[in-house]
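To keep things clear, I will list the structure first and then write my remarks on it.
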Amino acid sequence: MLHARPAEVRQAAALGLSSHPDEQALPLLIEALGDADPLVANLAMHALVANGESAVPALLQVPSDAPLAVRLHVIRALAEI
């Protein structure tokens, strides 16, 4: 669902993962931090926060040369965890 074409579907998927955290979705949520739709990226960040400390290793593996928006989401997620 996080790869769906309509942004609304990706938004709903990320929102659902905020309410029902799933560690198996961590790689997809990390990828969604760079989504072209800023709402999807923000909801993915909140879903990562909802996963708590289990999301930290994945967040720390985001490359330092990732786009600025992605790095800001990572910093914010780590701060909120």
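Values for this structure:
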quantity	calculated
The chain - convex hull of alpha carbons, volume per residue in Å³	74
The chain: calculated mean residue ellipticity at 222 nm from DSSP helix runs of at least 4, using -39500 (n - 2.57)	-18500 deg cm²/dmol
Residue-normalised accessible area of the chain, given per residue in Å² at a 1.4 Å probe	58
Region 8-49: Rg to Rh, with Rh as the Kirkwood radius over Cα pairs	0.90
Accessible carbon and sulfur surface of the chain relative to its total accessible area, %, 1.4 Å	60
Sorted peptide list for 34-46, 57-69, 5-17, criterion being average Cβ within 10 angstrom, highest first	34-46, 5-17, 57-69
Calculated FRET value between I81 and E8, using beta carbons and R₀ = 22 Å, to 0.05	0.20
Only Lys, Arg (+1) and Asp, Glu (-1) charged, at Cβ; the chain dipole about Cα centre in debye	120
Farthest positive-ward along the chain dipole, Cα basis, beta-carbon charges - from A58, A25, H3	H3
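The values are calculated or read from the model by the stated rules, or taken from the named source; none is laboratory data. Since the model is a prediction, treat every value here as computed from it, not as a measurement. When we count neighbours, we look across all protein chains shown, and the Cβ atoms used for this are built from the backbone with ideal geometry, even at glycine. Just so you know, the surface numbers come from the protein's heavy atoms only, side chains and all, with ligands and any DNA or RNA stripped out. Shrake-Rupley method; radii C 1.70, N 1.55, O 1.52, S 1.80 Å.
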